[in-house]
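A short write-up of the structure that comes next.
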């Protein structure tokens, strides 16, 4: 039987992660904690099971504070580049689970359990001649935040990028160069525009074909597109109509139910390391 | 050397200098679709067997010298499809021979001096010249150009992304090639090979899209190459900046069966994306999509591609109608391409291109830096 967990989200977390709508779509797993007072005033004994945290600057502190107040689970929506080391310690000490709700990396298509997707990516990487990735953000987005999301996608895909170098950066985006372990070039681009959906694409060209992953804006349950081209033809993998927000909440429930710890923060440290090489 | 019946006076006569795969697989099939206005009357190639074979399939005369073709009064329009180094001299000779129009495969010159000389001769003789940048004649592009409004003023990012199978895949769908030459492989870690690949990639492949790029880069003369590297077995990653416009060029010619030729111009609140059809086959025009928030306008596809568009334009010009591209436009397009090619190759000299980071397996496969990229 599914254990129903209570959820608290302050207005910023609600806006960042569409928490009410997501919780409503998982009615057996979650229930709102009620019109509670702000988290800071919730006594530990009556703390909600899960606290949603907005990922804007300072999220590691806010998440750690929620853990200290008794939250068993934390869902951070849209975390910006910030060192999670202290939070890792706090969460481990309390036995709490921290899940990062990232717009593209958190898409169900990239979940560790999606062996078909990761198989397509791994096969393409073995024979890659070029990795080309484009992330689209709305004007006004901090390029560092967009870059963080884009690196998060690559790390979630299991793609190790080396020798990263900022080629250009301006108010409209950035270009980053790097290489795969094989020496094949990596080209990352971030573009700010309101004319295109906020998607991230990863295209791995191989000697005989390609693999493409296009990750949608989590504002709706648009499915990711995963397609492979080999000598034998083209294959589109089954579509999964779930937003990354909902996937993240399902994950936090799963981790708490199973007792299997989440590795989101450790993985985010890898992302942060890449971002820091370019922006420090 | 003639096998042709009396030329029809109602048709415009075409003569072609160079009868390689581009002529055989691109121009002759395009001209075959325009038999009501154009007729191939003379084929020249330095290889007499190739010239005879190619001319024979269209019932044209053949020769092995440019002079003989230019002296042929049945030829109204001259297409120059010879190796790059001959283009400028042949364009000038065709203009001086009093032909009605000239098509020169890109690039139409190899330096600014040649371009200026061509411009002067064109102005002096009044012979209109078209450069074979086929995408600028693609009905999908032309439809987008007519519909995009103020897009060029707001574009801050341009992307050209090209993925193509080896040329023979599509050549063989278009015709039966004679005289195909196999290209030797070379060492992809040799800096000179890498420089040749970058130069060849820009002047042979990217050059198709650079006139399109230039439409969105008012400060094209200030173009800077920020990053350049090769993609194996043939291709490039080149990052540019021209004024406030970011330009990213990507290309890979691998052994895929699936072509993908995309051009994007992106502004704050409008964006253009064009999907071009593969070269060599008569697969219709590009499809253009102009997007604003919540709205997508789709233009095309239309029934013919840019190569056929070139020939339609040439027929107009030779018939005394239509406006040719200005000499200034052609020269600026060339200068833009040459500047990028030179600066991209220069990245190798400055050590910005890592010439040694290739695993043994990839290195062993070799590369073809001078492969035919007349896509």
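Some points to look at:
- So residue B:8, is it at pLDDT below 95 and surrounded by fewer than 23 Cβ atoms within 10 Å (Cβ to Cβ): yes
- Of the listed requirements (1) crowded, with 19+ Cβ neighbours inside 10 Å; (2) modelled with pLDDT of 95 or more, residue B:71 misses just one: (1).
- Of the residues making up segment B:207-226, not a single one is in contact with a helix residue (DSSP H, G or I) (Cβ under 8 Å, 6 or more places away or on another chain), over 30 Å from residue B:148 (Cα atoms) and surrounded by fewer than 22 Cβ atoms within 10 Å (Cβ to Cβ).
- Qualifying residue in segment B:291-312 (condition: within 14 Å of chain A (Cβ to nearest Cβ), more than 17 Å from the chain's Cα centre (by Cα) and surrounded by 19 or more Cβ atoms within 10 Å (Cβ to Cβ)): yes
The rows are residues; the columns are (1) modelled with pLDDT of 95 or more; (2) in contact with a strand residue (DSSP E or B) (Cβ under 7 Å, 6 or more places away or on another chain); (3) in the same structural domain as residue B:308 (by TED's automatic domain parsing); (4) surrounded by fewer than 21 Cβ atoms within 10 Å (Cβ to Cβ).
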| position | (1), (2), (3), (4) |
| --- | --- |
| B:1 | no, yes, no, yes |
| B:16 | yes, yes, no, no |
| B:19 | yes, yes, no, no |
| B:22 | no, no, no, no |
| B:27 | yes, yes, no, no |
| B:31 | yes, yes, no, no |
| B:35 | yes, no, no, yes |
| B:38 | yes, yes, no, no |
| B:41 | yes, yes, no, no |
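- Check on residue A:156, in contact (Cβ under 8 Å) with a residue 40 or more places away in the chain, under 19 Å from residue B:225 (Cα atoms), outside the structural domain of residue A:269 (by TED's automatic domain parsing) and within 20 Å of the chain's Cα centre (by Cα): no
- In segment A:201-260, the residues that are within 14 Å of chain B (Cβ to nearest Cβ), under 16 Å from the mean Cα position of the chain (by Cα) and buried (at least 22 other Cβ atoms within 10 Å of the Cβ): A:202
- Of everything listed in (1) at pLDDT 95 or above; (2) outside any strand (DSSP E or B), the single unmet condition for residue B:85 is (1).
- Residue in segment A:174-190 that is under 29 Å from residue A:219 (Cβ atoms) and away from chain B (no Cβ under 14 Å) present: no
- Candidates are the residues of segment B:193-211 that are in contact with a strand residue (DSSP E or B) (Cβ under 6 Å, 6 or more places away or on another chain) and over 12 Å from residue B:162 (Cα atoms); the one that is modelled with the highest pLDDT is B:198.
- Looking only at residues in segment B:233-263 that are surrounded by fewer than 22 Cβ atoms within 10 Å (Cβ to Cβ) and facing chain A (nearest Cβ under 7 Å), the one that is farthest from residue B:154 (Cα to Cα) is B:255.
- Taking the criterion of being crowded, with 19+ Cβ neighbours inside 10 Å and in a loop (DSSP other than H, G, I, E, B), the only residue of segment A:83-93 that qualifies is A:84.
- Check on residue A:198, buried (at least 22 other Cβ atoms within 10 Å of the Cβ) and more than 7 Å from chain B (Cβ to nearest Cβ): no
- Criterion (crowded, with 24+ Cβ neighbours inside 10 Å and either more than 7 Å from chain A (Cβ to nearest Cβ) or in contact with a helix residue (DSSP H, G or I) (Cβ under 6 Å, 6 or more places away or on another chain) (or both)) met by exactly one of B:230, B:266: B:230
- Scanning segment A:162-173 for residues that are within 8 Å of chain B (Cβ to nearest Cβ) and in contact with a helix residue (DSSP H, G or I) (Cβ under 7 Å, 6 or more places away or on another chain) yields a single hit, A:173.
The values are calculated or read from the model by the stated rules, or taken from the named source; none is laboratory data. As the structure is a computational prediction, the values presented were derived from the model and not from experiment. FYI the Cβ positions are ideal-geometry reconstructions off the backbone, even for glycines, and counts take in every protein chain you see.
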